[in-house]
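A.B. asks: Okay, handing you the structure first.
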Amino acid sequence: MAENANALVGDTASLSINIQGRDEMVIVTARGAARELSRELGFGIVDQTRVATAISEIIRNVVQYASEGEVQFRVIEENGQPGLEMVVVDQGPGIADVERVLRGGYSTGNGFGRGISGARTLMDDFELQSEVGRGTRVWMRKWLR
Amino acid sequence: MNIPVLQIERFLIVSVQGELKDNDVTALQQNLLERLRRTEAAGVLIDLTAVEVVDSYMGRLLRDTAAMIRLMGVPTVVVGLRPAVAVTLVELGLDLPGIHTDLNLERGLTWLRTQMR
């Protein structure tokens, strides 16, 4: 497993996908990429599903607001521990009340209002930066245990 | 993607394969409700065996679909949730309240039979 993960670290272990407007297929593509990369890293089925669900929530949010953006996957290593990093950047409307969104139960879209807070729960590291009128950047990491 | 609606005994069966897009879901909901009215089916079973990820959006769609079917006076059972999907849903805080779930197709059908009047 660890050997497998090490083989992934390097130039080939980075992948980015464009997000354009309302194209929902990107959700499927990104979910597949997250699952595949985390499986190759040696993540178990539950962690693979957590990672795929988290990226689904975040990209769904971008697509729902018809924003343009990009998702980047990177296999990382810190103190010998491999992990998967996912960064989603969009040029959408931005989030006015980040704290409230991170607490959950708040939505102007179509979900349960728990998408973003849910993604945070499913990942090990999570950061969200947003500026109204400029866009949002979500940074997430999951470590192999 | 056209999602087929099958019929076994007096029940409608929907087996969801892979990703559902907005349009698919709207079409499926209308198709299901229309079929319900036409066939006077006694229950609906939604099979998620092939679904690898259920996010909060899809959770809401499931809940809405079950609510529409209930408004027509018909029970719904959702079956075949994968273990990893069940774990993730609970962690997301989405335990699908108000939706009856069962382990598999056979048990779902058994439950639907008990609901027949």
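A.B. asks: Pairs under 6 Å by beta carbon, first residue crowded, with 23+ Cβ neighbours inside 10 Å in segment A:132-145, partner of a type in the set (D, E, K, R) and assigned to a strand (DSSP E or B), six or more apart or different chains?
C.D. replies: Every condition considered, the pairs that remain are A:Thr136/A:Asp90.
A.B. asks: Consider A:Glu127 against the criteria (1) within 13 Å of the chain's Cα centre (by Cα); (2) in a strand (DSSP E or B); (3) buried (at least 20 other Cβ atoms within 10 Å of the Cβ): it satisfies all of them except one. Which criterion is unmet?
C.D. replies: (3)
A.B. asks: State whether the residues of segment B:97-117 include one that is of a type in the set (A, V, I, L, M), closer than 20 Å to A:Arg50 by Cβ and either touching a helix residue (DSSP H, G or I) at 6+ places or on another chain (Cβ under 6 Å) or free of Cβ contacts under 8 Å to residues at least 60 places away in the same chain (or both).
C.D. replies: No, the conditions are met nowhere in segment B:97-117.
A.B. asks: Another question about this same structure. Does any residue of segment B:42-60 turn out to be surrounded by fewer than 18 Cβ atoms within 10 Å (Cβ to Cβ), outside any loop (DSSP other than H, G, I, E, B) and more than 9 Å from chain A (Cβ to nearest Cβ)?
C.D. replies: No; the residues of segment B:42-60 include none that is surrounded by fewer than 18 Cβ atoms within 10 Å (Cβ to Cβ), outside any loop (DSSP other than H, G, I, E, B) and more than 9 Å from chain A (Cβ to nearest Cβ).
A.B. asks: Would you pick out the residues in segment B:77-117 that are within 13 Å of the chain's Cα centre (by Cα), at pLDDT below 95 and either assigned to a helix (DSSP H, G or I) or surrounded by 13 or more Cβ atoms within 10 Å (Cβ to Cβ) (or both)?
C.D. replies: B:Leu96, B:Ile99
A.B. asks: Still on this structure: Could you check how many residues of segment A:17-31 are touching a helix residue (DSSP H, G or I) at 6+ places or on another chain (Cβ under 8 Å), loosely packed, with under 14 Cβ neighbours inside 10 Å and assigned to a helix (DSSP H, G or I)?
C.D. replies: 0
The values are calculated or read from the model by the stated rules, or taken from the named source; none is laboratory data. This is a predicted model, so every value here is computed, not measured. Because the Cβ atoms are built from the backbone with ideal geometry, glycine has one as well, and the counts that use them run over all protein chains shown.
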